[in-house]
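Here the structure comes first, spelled out in structure tokens, and everything after it is commentary.
The values are calculated or read from the model by the stated rules, or taken from the named source; none is laboratory data. In this text the structure is predicted, and so the values were computed from the model without any measurement. Positions of Cβ are backbone-derived with ideal geometry, glycine not excepted, and every protein chain shown enters the neighbour counts. The accessibility values were calculated without ligands, DNA or RNA, using every heavy atom of the protein model including side chains. Shrake-Rupley method; radii C 1.70, N 1.55, O 1.52, S 1.80 Å.
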Amino acid sequence: MIHRMWLHAVIGILISAFYSGMAVGQQPLLDKDYRVIVPAQPGEGSKKIEVVEFFYYGCPHCYDLEPALKTWLKRKPPDVEFRQQPAVFRENWIPLTKTFYALDAMGLLPKLSDKVFSAVHDEGLGLSDESMMSKWIGQQGVDPAKFDEAYRSFAVQNKVQRAIQITRDYQVKGTPSIVVAGKYITSPSMTGSFEKFFQVVDQLIEMARKETMAKKS
């Protein structure tokens, strides 16, 4: 656990150093650094450029990306709107997806989302098990009964089904992945490193920005 947390701290420092000296590099290569989603997806109607991270609490690569993602979020352009979207590929991903939406419904995501990641990956807790999740949520000072009510609610069930459909519609092949403007998708597995990954994200945002400006002119 200590090794994993130390690694996260080091990643954060390295990413910060990278961005402080980053220059505009070579343009991303289609079907190597990113793919085009056909048809493009409408997103949630934001007037800003929508950037969506598809993730899963149980994914170690998503957890490892967190320090770099937080660094990027501190400097994201003002015309960008970021949101996280649980991806669902298998039925055993549903419990932690329900956890995300239950926490969201209770207004607890800012407080507990990072702790869910840490509990799963640093402490090795099986939070997909409902009894384990109930015990853990109580240890965080949350009423387990109220959490369970949200976890089993009709609204959360609907959002899980929607997440399954969105994962398909956005043609997500793995986590973590980021979709820009409902049209461009990239991932660290495509770019080869977290550093290049966020450079590609920035370049895709610029491509989407230019397309928007061209439509307005």
Notebook entry, point to check: Of all DSSP beta bridges in the chain, what percent run antiparallel (nearest 5)?
Noted result: 55 percent
Note to self: Modelling each spin label as a point 7 Å along the Cα-to-Cβ direction, I'd like the ASP79/ARG168 distance in nm, to one decimal.
What the structure shows: 3.5 nm
Check: P(r) tail for the chain, what percent of Cα pairs lie past 33 Å?
Finding: 18 percent
Note to self: Between helix 154-169 and the chain, what is the angle of the helix's C-alpha long axis to the longest principal axis, kept within 0 to 90° and rounded to the nearest 10?
What the structure shows: 30 degrees
Check: For the pair LEU29 and GLU206, what calculated FRET efficiency results from E = 1/(1 + (r/R0)^6), where r is the Cβ-Cβ distance and R0 = 22 Å, to the nearest 0.05?
Finding: 0.90
Notebook entry, point to check: Cross-link list LYS47/LYS196; LYS74/LYS135; LYS74/LYS146; LYS76/LYS115: which exceed 29 angstrom alpha carbon to alpha carbon?
Noted result: LYS74/LYS135; LYS74/LYS146
Note to self: Taking the Cα centre as origin and putting +1 on Lys and Arg beta-carbons and -1 on Asp and Glu beta-carbons, what dipole magnitude results for the chain, to the nearest 20 debye?
What the structure shows: 580 debye
Note to self: Taking the solvent-accessible surface of protein heavy atoms with a 1.4 Å probe, what is the per residue accessible area of segment 18-173 in Å²?
What the structure shows: 52 Å²
Next item on the list: Using only the Cα atoms of segment 115-217, build the gyration tensor, take square roots of its eigenvalues as a ≥ b ≥ c, and label the shape rounded, prolate or oblate: rounded if a/c is under 1.5, else prolate if a/b is larger than b/c, else oblate.
Entry: prolate
Check: Helix 130-139 sits at what angle to the longest principal axis of the chain, using alpha carbons and giving 0 to 90 degrees rounded to 10?
Finding: 90 degrees
Next item on the list: Relative to the longest principal axis of the C-alpha atoms of the chain, give the angle of the C-alpha long axis of helix 2-20, reported between 0 and 90° and rounded to the nearest 10°.
Entry: 20 degrees
